[in-house]
Amino acid sequence: MLSDQTFIRLHGKLHEYVPTAYRDLVVLRGELGAVWSQAGNAAIPASLLFRAGGTESVRGYDFQSIGNERAGTVYPALYLAAASVEYQHWVSEHWGGAAFYDVGTAADAWQDKSLFHAVGGGVRWRSPVGTVRLDLAYGSQKNQIRLHLSFGVAF
């Protein structure tokens, strides 16, 4: 209310866990974000704009490395879209493996931006405090392999 810039920001994430067999699980994830402003993104704080890439976004790319890239610097963007499909197979109560495909982008104009794709696999361990995920992912646009370590919720 005390700002000199008026804008609207919408951001949402969806995670869907679909059991497909006794020891198999499909995890679907989607994320959308948008900022609308008459003055563009120059007057909006960078923390309220979007970048993609990293463990909870598009694996296979550095954290927040997908956005408006100029002269080697990645600036935040007005729009964000990311999705993932992951198949998990549990070989025991505590240990499993996963294969996944991630796709996403962050841009100021949809027609000017290509999608960033990543594929990979990993190991899952159900610890007493939640699932520990260790993933190796290949980001095809930047031709790089990245290791991702993350912790999930216990359920």
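Quick look at the values:
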{"read-out": "Subset of segment 113-138 (residues that are in contact (Cβ under 8 Å) with a residue 24 or more places away in the chain, surrounded by 15 or more Cβ atoms within 10 Å (Cβ to Cβ) and closer than 15 Å to F151 by Cβ)", "value": "G122, R124, R126, R133, D135"}
{"read-out": "Segment 1-32 - residue that is aromatic (F, W, Y) and either surrounded by 11 or more Cβ atoms within 10 Å (Cβ to Cβ) or in contact with a strand residue (DSSP E or B) (Cβ under 8 Å, 6 or more places away or on another chain) (or both) and, of those, farthest from V123 (Cα to Cα)", "value": "F7"}
{"read-out": "Residue identified as among the hydroxyl-bearing types (S, T, Y) and either under 30 Å from P128 (Cα atoms) or under 12 Å from the mean Cα position of the chain (by Cα) (or both) among S114, S37, S84", "value": "S84"}
{"read-out": "Among the residues listed as W110, W95, W90, the single one being in contact (Cβ under 8 Å) with a residue 60 or more places away in the chain and surrounded by fewer than 21 Cβ atoms within 10 Å (Cβ to Cβ)", "value": "W90"}
{"read-out": "Q64 vs. criteria surrounded by 12 or more Cβ atoms within 10 Å (Cβ to Cβ), at pLDDT 95 or above and among the polar types (S, T, N, Q)", "value": "no"}
{"read-out": "Residue under evaluation F50, criteria (1) among the aromatic types (F, W, Y); (2) within 22 Å of the chain's Cα centre (by Cα); (3) surrounded by fewer than 18 Cβ atoms within 10 Å (Cβ to Cβ), criterion not met", "value": "(3)"}
{"read-out": "Residue among Y75, Y79 that is touching a helix residue (DSSP H, G or I) at 6+ places or on another chain (Cβ under 9 Å) and buried (at least 17 other Cβ atoms within 10 Å of the Cβ)", "value": "Y79"}
{"read-out": "Pairs, first among the β-branched types (V, I, T) in segment 42-67, second not in a strand (DSSP E or B), C-beta under 7 Å, six or more apart", "value": "I44/Q5; I66/R51; I66/G53; I66/V58"}
{"read-out": "Test: H148 is more than 30 Å from L10 (Cβ to Cβ), part of a strand (DSSP E or B), in contact (Cβ under 8 Å) with a residue 40 or more places away in the chain and touching a strand residue (DSSP E or B) at 6+ places or on another chain (Cβ under 7 Å)", "value": "no"}
{"read-out": "Any hit, segment 124-131, residues being over 20 Å from E16 (Cβ atoms), modelled with pLDDT of 95 or more and not basic (K, R)", "value": "yes"}
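The values are calculated or read from the model by the stated rules, or taken from the named source; none is laboratory data. These figures come from a predicted structure and were not determined experimentally. Using ideal geometry, Cβ is built from the backbone for each residue, glycine included, and neighbour counts are taken over all protein chains shown.
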